[in-house]
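**Q** Sending over a structure as structure tokens; questions will come in a sec.
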Amino acid sequence: MGDWGGYLSLILQGALVTAKLTVMGCALALVVAFIAGLGRVSRFAAIRWLATAYIEFFRGTSIFVQLFWVYFVLPFAGVTLEPLQAGIMALGLNVGAYAAEVVRGAILSVPRDQYEACIAVNLTRFQRMRHVIFPQALPLMLPTFGNNAIELLKGTAVVSLISLHDMTFQAQVVRAQTGSTLIPFATILVLYFLMALALSRAIRMIETRITRGLDGVR
Amino acid sequence: MTDPIIRIDNLVKSFGTFKVLDGLSFDVMPGEKLALIGPSGSGKTTILRILMTLESISDGHIEICGDQLYHMRRNGREVPADEAHLHKMRSHIGMVFQHFNLFPHKSVLENITLAPILTKGTPRAKAEARAMELLEMVGLADKADARPAQLSGGQKQRVAIARALALQPRIMLFDEVTSALDPELVEEVLLVMKRLAAETDMTMLLVTHEMGFAHEFADRVLFFDKGRIVEQGPPEQIFSNPREERTQSFLRKIIAAGHRV
Ligand SMILES: Nc1ncnc2c1ncn2[C@@H]1O[C@H](COP(=O)(O)OP(=O)(O)OP(=O)(O)O)[C@@H](O)[C@H]1O
Ligand SMILES: [Mg+2]
């Protein structure tokens, strides 16, 4: 037994890595979700096909295997990533595939008569999406995006596979060095919970901002 | 003799194997106010939706303001219209829907200014001034900043009329614009349309079950059944002196159902 302060700082360093993975993974997931989600409803078959292939692939294989590929196999193709970059990439692409389906579903749930009103006032295809359809679809996506973000946070622990020292990894280290399981894992339990809480609060805030003045839309 | 602003020639529209319109032909003169009446399912809405390019056609030709709507010339050959051609043609036509179809996420003013700013490049200040004039005309100047959800049905429909007018189309299509309204709200919308008919030289096509209004509003009434024109003529003739048995029985039924003629 010994220096608990040192062990705590070890875990906090891990928490920082987990937070980075989460925030940057979410950012990547969001971008990818919009691209693939809009691709899914494109009028060009080739784009729809590409988006579908991406989504099906990343939903149909495990994040564990995806991370392995990004970190250990991509270098053979000449792409070498830092562990953190690889972690962000795997998490972002994985969760982005789920979120893309959310984008697609929200866009398709905007009533048909909104498209028809757009045609009647002669908006172009891009203007329809940009000014009428997407703004109405966005509030529908946000609650599920919140769930996706929390899933991503919970998924970050897989990065120990590529020797990233995230929170779970550090808890294992502390456990090995102190022989105590309860203390490090109780600590990270609380920390994960607090991060998830912060995430859902943040999403809730964005949600109220975006839907403000939109009440009664549906 | 001026040319027709709309020429419908041998128009066929099928949904699957069901022919809704079967070789329909008629012309509309510039400035004419046309009422389309007929039993449910006779194809009235389908005609308006085809003119607004919300529905494709199966066969035939439609000419609007001297240009083919669904066809264009490429290398001297006639080919189906592409999106750019449709976009150009749509600028001649506006439509008011039964269920208003306002943009719920935009204010009343933005509903009206959105399209002029985006499609015609009208400067915002000018578009807003024009929108206020239109709101004045439909009696809703005080609702400019409201959201559609805060309006009554009659008010929504008047905003929808203003939105369509803002683009200054030469042809306006009205599809049962009062039939989703509570009875006490019908009058305020009809009043706006009567003023519109009296004060503008816009060509108007009106689908309605309000026979009294059709009588007052229209220069010519077309009675449809099963996708064909059964009878047409000035309202006095159609409503007081219908020649065809099917027109007579339709009007009898409408009166029995409590509609004014
Ligand atoms: N998208 C569609 N798919 C299949 N059938 C359709 C479609 N739209 C319309 N129809 C059919 O075409 C026929 C004509 O419809 P339309 O809506 O034009 O009639 P209408 O004269 O406007 O009737 P109403 O007075 O009830 O509004 C109807 O039998 C209808 O069921
Ligand atoms: Mg109809």
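The values are calculated or read from the model by the stated rules, or taken from the named source; none is laboratory data. Treat the numbers as computed from the prediction; the structure is a model and nothing was measured. Cβ: placed from backbone, ideal geometry, glycine included. Neighbour counts: every protein chain shown. SASA here: full protein model, heavy atoms, side chains in, ligands and nucleic acids out. Shrake-Rupley method; radii C 1.70, N 1.55, O 1.52, S 1.80 Å.
**Q** Would you check which residues across segment A:118-129 are at the interface with another protein chain (Cβ under 9 Å from one of its Cβ atoms) and surrounded by fewer than 22 Cβ atoms within 10 Å (Cβ to Cβ) and list them? Spell out the reasoning first.
**A** Of the residues in segment A:118-129, the ones at the interface with another protein chain (Cβ under 9 Å from one of its Cβ atoms) are A:118-125, A:127.
Matches in segment A:118-129: A:119, A:124, A:125, A:127.
**Q** May I ask you to verify whether residue A:75 is open to solvent by 20 Å² or more (accessible area, probe 1.4 Å) and within 14 Å of chain B (Cβ to nearest Cβ)?
**A** Working: open to solvent by 20 Å² or more (accessible area, probe 1.4 Å): yes; within 14 Å of chain B (Cβ to nearest Cβ): no.
Taking the combined requirement at face value, the residue does not satisfy it.
Rundown of residues vs (1) at pLDDT 95 or above; (2) more than 18 Å from the chain's Cα centre (by Cα); (3) open to solvent by less than 40 Å² (accessible area, probe 1.4 Å), yes/no style:
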{"residue": "A:32", "(1), (2), (3)": "yes, no, yes"}
{"residue": "A:50", "(1), (2), (3)": "yes, yes, no"}
{"residue": "A:56", "(1), (2), (3)": "yes, no, no"}
{"residue": "A:82", "(1), (2), (3)": "no, yes, no"}
{"residue": "A:95", "(1), (2), (3)": "yes, no, yes"}
{"residue": "A:100", "(1), (2), (3)": "yes, no, yes"}
{"residue": "A:116", "(1), (2), (3)": "yes, yes, yes"}
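**Q** Does residue A:105 satisfy being part of a helix (DSSP H, G or I), of a type outside the set (S, T, N, Q) and open to solvent by less than 20 Å² (accessible area, probe 1.4 Å)? Lay out the reasoning, then the answer.
**A** Details: part of a helix (DSSP H, G or I): yes; of a type outside the set (S, T, N, Q): yes; open to solvent by less than 20 Å² (accessible area, probe 1.4 Å): no.
When the stated conditions are applied, residue A:105 does not pass them.
**Q** On to the next question. Looking only at residues in segment B:83-98 that are open to solvent by less than 60 Å² (accessible area, probe 1.4 Å) and of a type outside the set (A, V, I, L, M, F, W, C), which one is farthest from the other protein chains (Cβ to nearest Cβ)? Don't jump to the end; show me each part of the working.
**A** Of the residues in segment B:83-98, the ones open to solvent by less than 60 Å² (accessible area, probe 1.4 Å) are B:83, B:85-87, B:89-98.
Of the ones still in play, those that are also of a type outside the set (A, V, I, L, M, F, W, C) are B:83, B:85, B:87, B:90-92, B:94, B:98.
Values: B:83: 7, B:85: 13, B:87: 6, B:90: 4, B:91: 6, B:92: 10, B:94: 7, B:98: 9 Å.
Of everything passing the filter in segment B:83-98, B:85 is farthest from the other protein chains (Cβ to nearest Cβ).
**Q** Would you be able to tell me the number of residues in segment B:151-193 that are in contact with a Gly (Cβ under 7 Å, 6 or more places away or on another chain) and open to solvent by 40 Å² or more (accessible area, probe 1.4 Å)?
**A** Residues that pass the stated criteria total 3.
**Q** Assess whether residue B:101 counts as being facing chain A (nearest Cβ under 10 Å), polar (S, T, N, Q), under 11 Å from residue B:162 (Cα atoms) and touching a residue at least 40 places away in the same chain (Cβ under 8 Å).
**A** Working: facing chain A (nearest Cβ under 10 Å): yes; polar (S, T, N, Q): yes; under 11 Å from residue B:162 (Cα atoms): no; touching a residue at least 40 places away in the same chain (Cβ under 8 Å): yes.
Criteria not met by residue B:101.
Residue-by-condition table, conditions (1) within 16 Å of ligand 2 (Cβ to nearest atom); (2) assigned to a loop (DSSP other than H, G, I, E, B); (3) closer than 30 Å to residue B:248 by Cβ:
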{"position": "B:146", "(1), (2), (3)": "no, yes, no"}
{"position": "B:149", "(1), (2), (3)": "no, no, no"}
{"position": "B:157", "(1), (2), (3)": "yes, no, no"}
{"position": "B:160", "(1), (2), (3)": "no, no, no"}
{"position": "B:174", "(1), (2), (3)": "yes, no, yes"}
{"position": "B:187", "(1), (2), (3)": "no, no, yes"}
{"position": "B:195", "(1), (2), (3)": "no, no, no"}
{"position": "B:204", "(1), (2), (3)": "no, no, yes"}
{"position": "B:214", "(1), (2), (3)": "yes, no, yes"}
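**Q** Could you tell me how many of the residues in segment B:106-147 are crowded, with 22+ Cβ neighbours inside 10 Å, at pLDDT below 95 and closer than 20 Å to residue A:110 by Cα?
**A** Total meeting the criteria: 0.
**Q** Now a separate question. Since residue B:62 meets every condition but one in (1) within 14 Å of chain A (Cβ to nearest Cβ); (2) within 23 Å of residue B:23 (Cα to Cα), which condition does it not meet?
**A** (1) is the only condition that residue B:62 fails.
**Q** Right, another one. Considering only residues that are within 8 Å of ligand 1 (Cβ to nearest atom) and among the basic types (Lys, Arg), look in segment B:14-60 and name the one that is least open to solvent (accessible area, probe 1.4 Å).
**A** Applying the filter and picking the extreme gives B:44.
**Q** Could you please tell me which pairs satisfy a Cβ distance under 7 Å, a separation of 6+ or placement on different chains, a first residue in segment A:28-44 that is of a type in the set (Val, Ile, Thr), and a second residue that is in a helix (DSSP H, G or I) and surrounded by fewer than 17 Cβ atoms within 10 Å (Cβ to Cβ)?
**A** Note: pairs meeting the criteria are A:41/A:108.
**Q** Still on this structure, I have one more. Given the criteria free of Cβ contacts under 8 Å to residues at least 60 places away in the same chain and farther than 22 Å from residue B:5 by Cβ, does residue B:110 qualify? Show your work before the answer.
**A** Values: free of Cβ contacts under 8 Å to residues at least 60 places away in the same chain: yes; farther than 22 Å from residue B:5 by Cβ: yes.
So residue B:110 passes the test.
**Q** Follow-up question, since we're still on this one. Please specify each residue of segment B:179-208 satisfying the condition of being within 13 Å of ligand 1 (Cβ to nearest atom) and either closer than 20 Å to residue B:51 by Cα or among the aliphatic types (A, V, I, L, M) (or both). Please lay out each step first, then the result.
**A** So the first thing to find is which residues in segment B:179-208 are within 13 Å of ligand 1 (Cβ to nearest atom), and the list is B:179-180, B:205-208.
Scanning segment B:179-208 gives B:180, B:205, B:206, B:207, B:208.
**Q** For residue B:215, indicate whether it is modelled with pLDDT of 90 or more and open to solvent by 10 Å² or more (accessible area, probe 1.4 Å). Step through it out loud before you land on a result.
**A** Details: modelled with pLDDT of 90 or more: yes; open to solvent by 10 Å² or more (accessible area, probe 1.4 Å): yes.
Judged against the criteria, residue B:215 is a match.
A quick yes/no check of all residues on (1) part of a strand (DSSP E or B); (2) within 16 Å of ligand 2 (Cβ to nearest atom):
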{"position": "B:34", "(1), (2)": "yes, yes"}
{"position": "B:39", "(1), (2)": "no, yes"}
{"position": "B:42", "(1), (2)": "no, yes"}
{"position": "B:45", "(1), (2)": "no, yes"}
{"position": "B:48", "(1), (2)": "no, yes"}
{"position": "B:54", "(1), (2)": "no, yes"}
{"position": "B:60", "(1), (2)": "yes, no"}
{"position": "B:72", "(1), (2)": "yes, no"}
{"position": "B:78", "(1), (2)": "yes, no"}
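**Q** Of all residues being charged (D, E, K, R) and assigned to a helix (DSSP H, G or I) in segment A:34-48, which is least open to solvent (accessible area, probe 1.4 Å)? Just the residue, please.
**A** Going through segment A:34-48, the residues charged (D, E, K, R) turn out to be A:40, A:43, A:48.
Within this subset, residues satisfying the condition of being assigned to a helix (DSSP H, G or I) are A:40, A:48.
Working: A:40: 50, A:48: 87 Å².
Filtering first and then ranking leaves A:40.
**Q** On the basis of being free of Cβ contacts under 8 Å to residues at least 60 places away in the same chain and open to solvent by less than 30 Å² (accessible area, probe 1.4 Å), does residue A:188 make the cut?
**A** On the way: free of Cβ contacts under 8 Å to residues at least 60 places away in the same chain: no; open to solvent by less than 30 Å² (accessible area, probe 1.4 Å): yes.
Answer is no for this residue.
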